[in-house]
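Visitor: One structure, pasted below without further comment.
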Amino acid sequence: MPEASVLEVKNLVSGYGKREVLKGVSINVASIEILAIIGHNGAGKTTLLKAIFGLIPIWEGELSLNGGTMRSPNPIEMLAHGVAYVPQGNRVFTELTVRENLEMGGVTLRSKASLTEGIERAVDMFPALKLKLHRTAGTLSGGEKQMLALSNALVLSPRLLLLDEPSLGLAPRLVSEALMRIKQISTDSRTAVLIVEQKVREVLKIADRVCVLRNGRVSFSGPSKDLVDETKLREVYL
Amino acid sequence: MESFRCKGLSKSFDGVRAIADLDIEFPSSEITSIIGPNGAGKTTLINLLTGFVRPDVGRCFLGEHDITRLAPDRIARLGVARTFQDLKLILQVPVLDNMMLARPHQAGETLIGALLRIGVAKEEMRNRDEAIRLLRLVGLEEKATDLAGELSYGQQKLLTLACCLATEAQILLLDEPVAGVHPDMADKILDLMRTLRDEGKLILFIEHDISAVRRIADHVIVLDHGKVRAQGPPREVLERPEIMEAYLA
């Protein structure tokens, strides 16, 4: 029996000011599934994540979470529905310590016990951070900041993770490690993942399905294994 | 071109040594790539060379100028420009305005110049033409009137590169210029860097994409724990088993 969709987006139109970036995008993400979004710079990948998380308005189209329609989603509402978003560029609070950052990640949790539990679960995924809980985040390396940004999202045990280029700034050795960690998070925590990634060959190894965006429209959608063939990959992406 | 070097450079954060007694002279009119694991000190080195972070010990020199304690804008005026991992564009203003702000020594930027406006209009026109030329070079001419914040990350990255070029600096320090950029566009950026090198600029770039390093670097420096572990031509450095093991595996 196919897994139910955590996220369903139909004919989504959105953009900035008067500029239409997404021109009718339809995707769906099943629970415990990783859907990769790839495409040229400016194709609308980041815009799609922002529209889903409610950071920019949806002009037209429908968005459903766990079967319920979201009329005009906003980030607080999305967090409450178990959606976490990790933007590009390892955004962390550089003046705060690692632990304080994680506390900010769990700011919507009501009890101290669930916050502590959430933080422990998040740093279990990234043991390197466990040793640096009292370091100021600004003094972490780019890769460590990226781990922290991801951990911040995990404090809330999301059902759907929106990840924008999590491999950015990571040394080659860490790229596949980070992506395998994301796969592990998805499997172990039963979390659906919608991931935008420019390191296409690496992300194909962990994604179940892939969607190619071109000029604000879906130009290809199918199982990742269909793009393992270099010729096909070049045809749809390069 | 003036030599660009650092001597005995050290920096610690929270008691952790990020850069440890570095002596480096960057070859003029060449492309030098700095590689190394996350936390090796690569970005800190660029921050030290451009005045964004003060060293605990050691000095940085541009020719005979000791630039160690100079503010970043002074160093930029001496011809050392840089890009950042987190880009640092002014997102709320148009692409073209970001470019115009990067132009150096503008007549209108002094109080007298702004009040009297002698030659300011003509200069602005020249700067605008040059900004458009550079935007064309990086493929962003059509985005000139869009807000910088409306560009995709890859496009914002190209804009930071164009801003860097607009400063007319002879030394360019680029922090991961092709990370997060589609392969087609990455090719264009690498070609552009090669052209700039051929025009006589010294380019120092941090990069994790080793294929990019192999393609355009003349010289590679491997940093680890704030120290130089290896340096030399890419075909020699990148074939060393200990480098492969520590960084590329």
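Visitor: Would you mind giving the mean number of other chain beta-carbons within 10 Å of the Cβ of each residue in B:178-188, as a whole number? Kindly include the intermediate steps, with their values, before the conclusion.
Guide: Values: counts 1, 9, 13, 3, 10, 6, 4, 4, 2, 0, 0.
Mean inter-chain Cβ contacts per residue within 10 Å come to 5.
Visitor: For the range B:192-231 and the range A:112-148, write down the distance between their C-alpha centroids in whole Å.
Guide: So the separation of the two Cα centres works out to 31 Å.
Visitor: Determine the distance separating the Cα centre of the range B:116-168 from the Cα centre of the range B:1-71; give it in Å without decimals.
Guide: 29 Å
Visitor: Summing Lys, Arg as +1 and Asp, Glu as -1, what charge do residues with Cβ under 11 Å from the Cβ of B:Asn47 carry, B:Asn47 excluded? Present the calculation step by step, with values, prior to reporting the outcome.
Guide: Working: positive: B:Lys11, B:Lys42, B:Arg54, B:Arg82; negative: B:Asp175.
Within the 11 Å Cβ shell, the charges total +3.
Visitor: Something else: On average over all directions, what projected area in square nanometres does chain B have, based on the convex hull of its Cα atoms? List each step's numbers first, then the result.
Guide: Working: hull surface 56.7 nm².
Average projection, Cα convex hull of chain B: 14.2 nm².
Visitor: With the contact rule set at Cα under 8 Å and sequence spacing of 6 or more, what percent relative contact order holds for the range B:88-168?
Guide: Working: 91 pairs, mean separation 38.7, N = 81.
So the answer I get is 48 percent.
Visitor: Give me the net charge for the shell around A:Glu202: Cβ to Cβ below 13 angstrom, other residues only, Lys and Arg +1, Asp and Glu -1.
Guide: Details: positive: A:Arg173, A:Arg181, A:Lys183, A:Lys199, A:Arg201, A:Lys205; negative: A:Glu165, A:Glu177, A:Glu197, B:Asp209.
With Lys, Arg at +1 and Asp, Glu at -1, the net is +2.
Visitor: Also, I was wondering about something else. Of all DSSP beta bridges located in the protein assembly as shown, what percent are antiparallel, nearest 5?
Guide: Values: 44 of 78 bridges.
Of the beta bridges lying entirely in the protein assembly as shown, close to 55 percent run antiparallel.
Visitor: Same structure again: Would you mind checking the tilt of helix A:142-154 against the longest principal axis of the Cα atoms of chain A, expressed as 0 to 90 degrees and rounded to 10?
Guide: That works out to roughly 80 degrees.
Visitor: List, largest first, the extents of the alpha carbons of chain A along their principal axes, each in whole Å.
Guide: Extents along the principal axes: 46, 42, 40 Å.
Visitor: Restricting to bridges with both residues inside chain A, how much of the DSSP beta-bridge set is antiparallel, in percent to the nearest 5? Show your work: numbers first, answer last.
Guide: Working: 24 of 42 bridges.
Antiparallel: roughly 55 percent of the beta bridges in chain A.
Visitor: Can you compute 3J(HN,Hα) from phi for each residue in the range A:61-71, using the Karplus curve 6.51 cos²θ - 1.76 cosθ + 1.60 with θ = phi - 60°, rounded to whole Hz and x for Gly and Pro?
Guide: Result, rounded to whole Hz: x, 10, 9, 10, 10, 6, x, x, 6, 9, 5.
Visitor: Turning to a different aspect of this structure: How are the C-alpha pair distances of the range B:146-249 spread across 5 Å bins, as whole percents from the shortest bin up?
Guide: For the range B:146-249, the binned pair fractions read 2, 11, 21, 22, 17, 14, 8, 3, 1, 0 percent.
Visitor: Could you compute Rg(Cα) / (2.2 N^0.38 Å) for the range B:88-168, with N its residue count? Please report the intermediate quantities before stating the final value.
Guide: Numbers: Rg = 12.8 Å, N = 81, 2.2 N^0.38 = 11.7 Å.
After normalising by residue count via 2.2 N^0.38 Å, the value is 1.10.
Visitor: What average count of beta carbons from other chains do you get within 10 Å of the Cβ of residues in B:36-45? Mind dumping the intermediate values first?
Guide: Working: counts 2, 7, 14, 8, 3, 1, 3, 3, 2, 0.
That average works out to 4.
Visitor: A further question on this structure: If R0 is 45 Å, what FRET efficiency do you get for B:Leu101 and A:Ala4 from their C-beta distance, rounded to 0.05?
Guide: Working: r = 50 Å, r/R0 = 1.12.
Working from the Cβ atoms, E equals 0.35.
Visitor: On to the next question. Can you check what the Kirkwood hydrodynamic radius comes to for the range A:1-124, Cα pairs only, in Å to one decimal? Walk me through the intermediate numbers first.
Guide: Working: mean 1/r = 0.0614 Å⁻¹.
Result for the range A:1-124 stands at 16.3 Å.
Visitor: Another one. Which value in deg cm²/dmol, rounded to the nearest 500, describes the helix-derived mean residue ellipticity at 222 nm for the protein assembly as shown, given -39,500 (n - 2.57) per DSSP H run of n ≥ 4 and division by the residue count?
Guide: -10000 deg cm²/dmol
Visitor: By average Cβ neighbour count within 10 Å, what is the ranking of A:177-187, A:147-157, B:234-244 from highest down?
Guide: Numbers: A:177-187: 17.5, A:147-157: 24.0, B:234-244: 14.1.
In decreasing order of mean packing, A:177-187, A:147-157, B:234-244 become A:147-157, A:177-187, B:234-244.
Visitor: Separate question: At a 10 angstrom cut-off on C-beta neighbours, averaged per residue, how do the peptides B:141-149, B:66-74, A:158-166 rank from highest to lowest?
Guide: Values: B:141-149: 16.1, B:66-74: 14.1, A:158-166: 24.3.
Those peptides, ordered most packed to least, come out A:158-166, B:141-149, B:66-74.
Read-outs throughout are calculated quantities, based only on the coordinates presented, and are distinct from any laboratory measurement. In this text, all values refer to a predicted model and were calculated from it rather than measured experimentally. Cβ atoms come from the backbone with ideal geometry, glycine included; neighbour counts cover every protein chain shown.
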